[in-house]
Amino acid sequence: MIIYENATYKIQRFVSGMLDNNSYLISSAKTNKSIIIDILDNPRDLFSKIPRDRINKFNNIKKTIGVITHGHFDQIEGIDFIKDRLGEIEIQIGFEDSKYLNYSGKITKLRSQKEITHGDIKLEVLYTPGHTQGSICLYFDLEEKKFLFSGDTLYQGGPGKTTNFLNFKKIYESISNKIYKLPKETIILPGHGSEISIAESIGEFNHFKFCLLYTSPSPRDLSTSRMPSSA
């Protein structure tokens, strides 16, 4: 599904895996380079849309990189599929979540990098611990349109799953202090479900803010989201 397209850039969404995960492909017509955001199980539809050299895989390694929003299994199941068919592309992931990868290609561990640049595609990195310690979100500012790839940090419906009260506080702070500082017209593209604007999401988030500030919920209460249990 094409989310957005202009003369230079195209953003496409693909749904696969048993948890109906979203994977995204950003491609540039100007440089013929692309970024895959989260590499899901059996990503055949996504693979068919990647600009690639069918003969020399080395050229593909220079054209395409993968960025993983967090290290849970459903975000990385398709890496071997892509490696076998495209080549050992570079994978970038939050430093604390890099332990989840078993990959023979180049891995860039994101710790303090402010930006991911691949050709003319530039993504601002937001470090958003909570769902996992190494969770990241990616902000893509095209001036006329702005997007945030939020992984499992924030969906339509509220924050992603957390395992205890401390992690809920972390995800709350990540959302309120980082994501909600972005322009209100920014479109959130989550790891599951449909997109939502930041302005719309803020209204939904008031419920979770109330829970944190005015109640003392149990860790079990705070670990439940509207998404699949392992998301």
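The values are calculated or read from the model by the stated rules, or taken from the named source; none is laboratory data. The structure displayed is predicted, hence computed values, not measured ones. Reconstructed Cβ throughout: ideal geometry from the backbone, glycine too, with neighbour counts over all protein chains shown. Side chains included, ligands, DNA and RNA excluded: accessible areas come from the protein's heavy atoms. Shrake-Rupley method; radii C 1.70, N 1.55, O 1.52, S 1.80 Å.
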Might you let me know whether the stretch 189-208 holds any residue that is open to solvent by 70 Å² or more (accessible area, probe 1.4 Å), within 17 Å of GLY94 (Cα to Cα) and either at pLDDT below 90 or not hydroxyl-bearing (Ser, Thr, Tyr) (or both)? no
Considering each of SER150, SER174 in turn, give the residue that is closer than 21 Å to VAL67 by Cβ and not in a strand (DSSP E or B). SER174
Number of the exception - ARG54 against (1) buried (at least 16 other Cβ atoms within 10 Å of the Cβ); (2) more than 20 Å from ILE188 (Cβ to Cβ); (3) at pLDDT below 90; (4) not aromatic (Phe, Trp, Tyr): (1)
Can you name the residue in the stretch 57-85 that is acidic (Asp, Glu) and surrounded by 17 or more Cβ atoms within 10 Å (Cβ to Cβ) and is also modelled with the lowest pLDDT among such residues? ASP74
Taking the stretch 116-134 and keeping residues touching a Ser or Thr at 6+ places or on another chain (Cβ under 9 Å) and charged (D, E, K, R) leaves ASP120
Please give the number of the condition SER229 fails out of (1) part of a loop (DSSP other than H, G, I, E, B); (2) at pLDDT 75 or above; (3) among the small types (Gly, Ala, Ser). (2)
When the stretch 135-154 is examined, which residues are found to be buried (at least 18 other Cβ atoms within 10 Å of the Cβ), in contact with a Leu (Cβ under 9 Å, 6 or more places away or on another chain), at negative phi and not polar (S, T, N, Q)? ILE136, CYS137, LEU138, TYR139, PHE140, PHE147, LEU148, PHE149, LEU154
Considering only the stretch 99-118, state which residues are open to solvent by less than 80 Å² (accessible area, probe 1.4 Å), farther than 22 Å from ARG85 by Cα and small (Gly, Ala, Ser). none
Name the residue that is farthest from TYR139 (Cα to Cα), counting only residues in the stretch 10-51 that are surrounded by fewer than 18 Cβ atoms within 10 Å (Cβ to Cβ) and among the hydroxyl-bearing types (Ser, Thr, Tyr). SER48
Taking the stretch 151-186 and the residues there that are touching a residue at least 12 places away in the same chain (Cβ under 8 Å) and of a type in the set (A, V, I, L, M), the one that is farthest from SER201 (Cα to Cα) would be ILE171
Please go through the stretch 106-132 and give me each residue that is under 21 Å from ILE79 (Cβ atoms), free of Cβ contacts under 8 Å to residues at least 40 places away in the same chain and part of a loop (DSSP other than H, G, I, E, B), ordered by number. LYS106, ARG111, GLN113
Mind checking which residues of the stretch 119-134 are touching a strand residue (DSSP E or B) at 6+ places or on another chain (Cβ under 6 Å) and surrounded by 20 or more Cβ atoms within 10 Å (Cβ to Cβ)? LEU123, LEU126, THR128, GLY134
Looking for something open to solvent by 10 Å² or more (accessible area, probe 1.4 Å) and touching a Gly at 6+ places or on another chain (Cβ under 9 Å) - is there at least one such residue anywhere in the stretch 171-187? yes
